[in-house]
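Report on the following structure.
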Amino acid sequence: MFNHQKEILFTVILVITMTGIIILTKRALRRFSFIRSIEINRRKIILNLSYLFIYGIAISILAVIWGVDYRQFIVFISSVLAVLGIGFFAQWSLLSSLTASVILFFSHPVRIGDKIRVLDKDFDWTGELVDITGFYLFIRTDDGKNITLPNSLVIQKGIEIVERKKDKE
């Protein structure tokens with residue numbers, strides 16, 4: 001009756017496993033961001049990047065389950081990676097800013113609302129941290145100027161926390 005019972009079974013198992021991994025990832029990121037008092041927008045960025053990674057792996061496994069020839073699959077994946085590599089090399093700052101955003105999310109104690117100083121010998125970038133997105137860090141200086149810095153530059157230069165948000169309250 002069915003010629004593809006085995007493939008359908010493995011696909012169902014993959015979907016259930018992927019759903020479980022997504023739920024566990026979401027819970028872990030929610031706990032981590034609660035413990036570190038990380039804002040919801042920063043959490044959404046990391047969550048979307050993890051979804052992209054999980055879905056990419058699931059699609060690759062799904063292609064193998066449904067019998068895509070390994071040689072053709074490897075050629076396809078290497079072609080996609082080559083195009084992405086060229087695209088990211090042409091826009092290196094995008095990839096480095098996304099990576100820096102992940103680093104800021106997981107390992108830096110800076111929070112939105114903190115007064116910070118970006119350590120640079122040529123410029124004095126000091127002000128309140130307004131937002132951190134996937135690519136940029138937004139600072140409002142004491143004299144009302146808005147400064148937008150790429151996350152990669154912030155990681156390269158370093159950040160000094162001048163005044164904590166909790167101290168203001």
Count of the stretch 131-154 residues which are open to solvent by 50 Å² or more (accessible area, probe 1.4 Å), within 16 Å of Ile45 (Cα to Cα) and at pLDDT 85 or above: 2
Considering the stretch 33-84 alone, what residues qualify as being outside any helix (DSSP H, G or I) and farther than 30 Å from Ser107 by Cα? Trp66, Gly67, Val68, Asp69
Listed by first then second residue, the pairs whose first member lies in the stretch 7-28 and is touching a residue at least 60 places away in the same chain (Cβ under 8 Å) and over 22 Å from Ile40 (Cα atoms), whose partner is of a type in the set (Val, Ile, Thr) and surrounded by 11 or more Cβ atoms within 10 Å (Cβ to Cβ), with beta carbons under 7 Å and at least 6 positions apart or on separate chains, are Glu7/Ile65
Quickly run through the stretch 155-169 and pick out the residues that are outside any helix (DSSP H, G or I) and open to solvent by less than 100 Å² (accessible area, probe 1.4 Å). Gly158, Ile159, Glu160, Ile161, Val162, Glu163, Arg164
If you take the residues of the stretch 10-49 that are modelled with pLDDT of 90 or more and of a type in the set (S, T, N, Q), which of them is nearest to the chain's Cα centre (by Cα)? Thr25
Scan the stretch 115-123 and give yes if some residue there is outside any strand (DSSP E or B), touching a Ser or Thr at 6+ places or on another chain (Cβ under 9 Å) and either modelled with pLDDT under 85 or exposed (fewer than 14 other Cβ atoms within 10 Å of the Cβ) (or both), otherwise no. no
When the stretch 18-39 is examined, which residues are found to be surrounded by fewer than 14 Cβ atoms within 10 Å (Cβ to Cβ) and among the polar types (S, T, N, Q)? Thr19, Ser37
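The values are calculated or read from the model by the stated rules, or taken from the named source; none is laboratory data. Not measured: the values here are computed from a predicted model. Every residue, glycine among them, receives a Cβ derived from its backbone with ideal geometry; neighbour counts consider all protein chains shown. Accessible surface areas use protein heavy atoms only, side chains included; no ligands, DNA or RNA. Shrake-Rupley method; radii C 1.70, N 1.55, O 1.52, S 1.80 Å.
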